[in-house]
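Derivation of every value follows stated rules applied to the coordinates shown; laboratory data play no part. This one's a predicted model, so the numbers in the text were calculated from it and none came from an experiment. Don't worry about glycine lacking a Cβ; one is built from the backbone with ideal geometry, like all the others, and counts go over all protein chains shown.
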Protein chains: 2
Amino acid sequence: MIANQDGFVVWLTGLSGAGKTTIAQALEAELSRRGSRVERLDGDTVREGLTRDLGFSKEDRDKNIERVGFVAKLLSRNGVAVLAAFISPYRAARDRVRAETTNFIEVYVAAPLETCAARDIKGLYAKALAGQITGFTGVNDPYEPPLNPELVLHTERETLDESVSQILRYLEDRLLIPQVESKYVAANQ
Amino acid sequence: MIANQDGFVVWLTGLSGAGKTTIAQALEAELSRRGSRVERLDGDTVREGLTRDLGFSKEDRDKNIERVGFVAKLLSRNGVAVLAAFISPYRAARDRVRAETTNFIEVYVAAPLETCAARDIKGLYAKALAGQITGFTGVNDPYEPPLNPELVLHTERETLDESVSQILRYLEDRLLIPQVESKYVAANQ
């Protein structure tokens with residue numbers, strides 16, 4: 001374990017199916033391998049303890065991000081690497097998290113709607129496009145893309161390893177993680 | 001800063017006015033002085049980011065402790081010292097936090113109701129006893145004392161320094177914090 005690592009928050013935002021959680025999981029495994037203290041926060045990991053009273057209204061989405069932001073604030077200022085994967089469609093809510101956390105890194109997972117809908121991993125796009133689900137981000141609910149993200153990942157044309165490599169390289173360049181040999185570095189050189 | 005300290009949770013439970021927050025604040029100052037990573041959680045520090053939708057029903061009190069417990073879980077398993085000061089009147093809710101956190105130390109701040117009501121720092125006991133506030137723990141809402149707490153503090157007859165010393169000694173004995181010279185050790189020898 002690294003003695004006194006700086007904390008940071010990798011905040012993955014984008015449409016459902018863009019690849020946020022998949023990227024976060026791969027990144028978590030690699031950071032753990034490098035000895036970082038790391039916590040992955042996503043819908044599944046926070047629902048039971050933190051957000052199970054919340055739905056998908058704008059108010060509830062904002063509350064969701066507010067609570068996750070609070071947790072990310074406490075973890076990041078204590079040297080923990082936080083990997084947060086949330087649609088987080090509202091710019092203002094993301095900017096509030098940026099303002100209160102340590103080393104906030106906004107990563108826009110920017111697969112186009114058509115790609116996400118074609119993947120439709122959870123079968124939700126079909127239902128949303130058929131009007132059976134309302135309030136579905138990108139179909140009948142807004143998504144506000146980041147204006148100035150630290151990174152943009154195009155998962156419609158990049159492999160998972162390439163996406164993870166870009167984040168790792170960014171973290172290495174900022175000296176937030178140690179630079180070590182890995183398949184990810186090799187993938188980009 | 002300590003390189004790889006073990007995380008823990010000092011959970012202060014007891015009536016309003018028993019001295020939980022005062023003890024937590026003094027403990028926070030001393031642990032910071034010793035180089036620990038420390039976070040103090042109490043009504044004031046968590047309300048804005050985590051619990052401002054909650055009231056004082058049993059359901060809301062349970063949600064409050066559940067969310068704080070989630071935060072304490074993530075912090076304590078990443079080596080942070082968590083000092084939590086909440087009335088937390090329900091035994092089952094506290095036991096759930098015990099089950100999911102690292103090195104949970106239940107500290108019963110056991111000033112009797114008469115002492116707390118006589119202090120009445122916030123003027124709330126007078127109102128509760130006059131029936132102007134309902135759902136007030138100890139007056140017209142239940143408090144379930146811990147059955148087997150790691151520590152019991154009798155703030156009606158101990159000084160603040162004595163109370164803090166007992167917690168410090170316990171943490172030192174468990175090797176959770178370094179033993180250093182301080183006014184607190186002196187106060188008990």
- Item | Listing of helices (runs of 4 or more DSSP H) fully contained in region B:1-110 that carry 2 or more residues being among the aliphatic types (A, V, I, L, M), without any contact (Cβ under 8 Å) to a residue 60 or more places away in the chain and in contact with a helix residue (DSSP H, G or I) (Cβ under 7 Å, 6 or more places away or on another chain) | B:58-76
- Item | Filter result for the condition that a residue is closer than 20 Å to B:Ala24 by Cβ and surrounded by 14 or more Cβ atoms within 10 Å (Cβ to Cβ), over B:Leu129, B:Leu124, B:Leu113 | B:Leu124
- Task: Hey, could you check region B:133-189 for residues that are among the acidic types (Asp, Glu) and farther than 30 Å from B:Gly55 by Cα and say which is surrounded by the fewest Cβ atoms within 10 Å (Cβ to Cβ)?
- Result: B:Glu181
- Task: Give the residue that is farthest from B:Arg77 (Cα to Cα), with candidates limited to residues of region B:32-52 that are more than 13 Å from every other protein chain (Cβ to nearest Cβ) and touching a strand residue (DSSP E or B) at 6+ places or on another chain (Cβ under 9 Å).
- Result: B:Gly43
- Query: Filtering region A:67-97 down to residues that are more than 10 Å from chain B (Cβ to nearest Cβ) and closer than 12 Å to A:Val38 by Cβ, which residue is surrounded by the most Cβ atoms within 10 Å (Cβ to Cβ)?
  - Reply: A:Ala84
